[in-house]
Amino acid sequence: DFLLKNKQDLVIPYLEHIIMVWYEDQPLFHNTLIVQYKDAILKRVEENGEVVDINDFARKKLVKFIRTSKEYDPSVVLSKFPYNLLYEERAILLGKAERYREALIIYIHVLHDLESALKFCDELHIDHKGEIYQNLVSLLVQPPLQSEVPGLELKTSNCRPPDLDSAIDILEKYGADMDLVMILESLPANANLCKLDKFLELAISSKVCIRNEISVVRGLLHSEHLRVQEERIDLESSKVIISEFTFCGVCGKRFTSQSAFVRQTNGAISHYSCALDNSL
């Protein structure tokens with residue numbers, strides 16, 4: 001707080017030192033450093049009228065930090081970023097906040113950078129990756145709604161035109177993990193199905209394979225259920241007779257009417273307490 005108020009030029013060097021040299025991991029410091037990087041870039045744009053592109057050293061440093069740091073809160077940082085600048089950084093932060101579709105909208109319809117969108121999908125380490133590629137395909141064939149990117153002004157005239165060929169390429173590579181019905185619903189009505197033959201063959205084959213696996217598992221579970229039922233019936237059909245001539249297999253004493261007993265797997269009968277002591 002002191003540096004922010006009195007020595008603004010020392011804030012970034014100080015934060016870089018405690019994070020990168022002392023390995024400080026408190027989110028507050030990581031959040032603040034990202035915001036300071038952003039403010040320094042915006043100051044150059046607003047005060048000097050500079051065009052600070054993605055290859056600028058300051059932006060490279062910001063991008064590298066938000067990619068590699070795991071200690072900041074992306075939702076908190078996103079609220080500090082502008083909607084009309086630093087789109088690459090916003091897309092990365094949206095990805096970190098698990099708002100994947102919004103990130104893809106920026107890559108496809110704001111930056112018009114399909115290569116970065118594909119790289120973004122490839123680098124995600126999540127279980128439902130097919131859903132991410134599914135979003136990518138749908139965004140390539142139809143523009144998103146303005147409501148999907150709150151705060152960001154999305155002009156239809158600036159959106160990427162429908163690109164069915166690129167969508168089909170992605171479907172052929174990753175279609176096995178996608179929902180076939182949802183993909184077909186997202187495609188335009190005039191889509192040439194002949195171009196989709198490889199994807200459809202792959203997707204249908206995958207669905208059939210999954211269905212066969214489910215059938216096998218269902219059959220195995222049914223067999224196991226029958227086996228357990230037979231074992232239960234067999235066990236329930238056996239009976240134990242306790243009389244005055246029955247003795248505990250552990251202590252050798254008779255059973256009384258108040259005795260709790262245990263039947264061992266070998267058929268031997270013992271007092272419940274004796275069975276517990278014998279198992280220790």
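FYI, it's all coordinate maths here, none of it is from the lab. Computed from a predicted structure; not experimentally measured.
Kirkwood Rh over Cα pairs of segment 8-123 into Stokes-Einstein at 37 °C, 0.692 mPa s: D in µm²/s?
Details: Rh = 14.8 Å.
It comes out at roughly 223 µm²/s.
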Hits among lysines - C-alpha to C-alpha of LYS198 under 28 Å, sequence gap 8 or more where chains match: LYS119, LYS129, LYS173, LYS207
Matching label, P(r) over Cα pairs in 5 Å bins from 0, in percent computed from the structure shown, candidates (1) 1, 5, 10, 14, 16, 14, 12, 9, 6, 5, 3, 3, 2, 1, 0, 0; (2) 1, 4, 9, 10, 10, 9, 7, 6, 6, 5, 4, 4, 5, 5, 5, 4, 3, 2, 1, 0, 0; (3) 1, 6, 13, 18, 20, 18, 13, 7, 3, 1, 0: (2)
Calculated SAXS-style log₁₀ I(q)/I(0) at q = 0.10, 0.24 Å⁻¹ - segment 74-179, Debye, Cα scatterers: -0.26, -1.43
Residue-averaged 222 nm ellipticity for the chain, from DSSP H runs of 4+ at -39500 (n - 2.57), nearest 500: -18000 deg cm²/dmol
Lysines whose Cα lies under 24 Å from that of LYS253, excluding same-chain neighbours fewer than 8 positions away: LYS239
